[in-house]
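The structure appears right after this line, and notes come after that.
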Amino acid sequence: MDSMKLTLAIAVGVIAVAAGTFVASAAQDKSQWDGVYTEAQAKRGEPMYQQFCSSCHGADMAGGEMAPGLNGGEFASNWNDLSLGQLFERIRTSMPQNNPGSLSRQQDADILSFILYKSTAPSGASELPTQTEMLNMIKYVGMKPEGK
């Protein structure tokens, strides 16, 4: 009887690991091209971007003397295959330059949504999360995949 319980426990463990691997794999396949923010969220982010970011990164996000552009080929290349969580944390901990970390997580997510919107990533039905762990499951893919 004990060996039967052990066998059942092992079988349940194997199924749980397989299911977890499938979920993690599916989550990692999600990118900004899958509509990970809402249009309303991007609209909330626009005035905050203009207030807190544009003086360094430019109104058109092309960058300036001291700050990189936030769209275009160089940005896409620099962030390609990293997670939105990594980009969010960069914004959250080091921006705005004159007062790093002063914005709320919601403000940071709204600004990131506006950046995604301006880079032509489509909006979707759900807001971009404010939790880094959730954002880590969304990959930044520099080039739009075919069919999206």
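Please treat every number below as a calculation from the coordinates, not as lab data. None of these values were measured; they are calculated from a predicted model. Cβ sites come from the backbone with ideal geometry, for glycine too, and all protein chains shown count toward neighbours.
Quick check: net charge around SER119, other residues with Cβ under 13 Å of its Cβ, Lys/Arg +1 and Asp/Glu -1? Taking every Cβ under 13 Å from that of SER119, the sum is 0. Restricted to Cα atoms, the stretch 41-148 shows a radius of gyration and a Dmax of 13.0, 41 angstrom. Across the stretch 91-139, the mean sequence separation of Cα contacts (distance under 8 Å, 6 or more residues apart), normalised by length, yields a relative contact order of 26 percent. For the stretch 104-140 and the stretch 39-72, what is the centre-to-centre distance using only Cα atoms, to the nearest Å? Value for the Cα centre distance between the two parts: 14 Å. Other residues lying with their Cβ under 13 Å from the Cβ of SER54 contribute a combined charge of -1, Lys and Arg counting +1, Asp and Glu -1.
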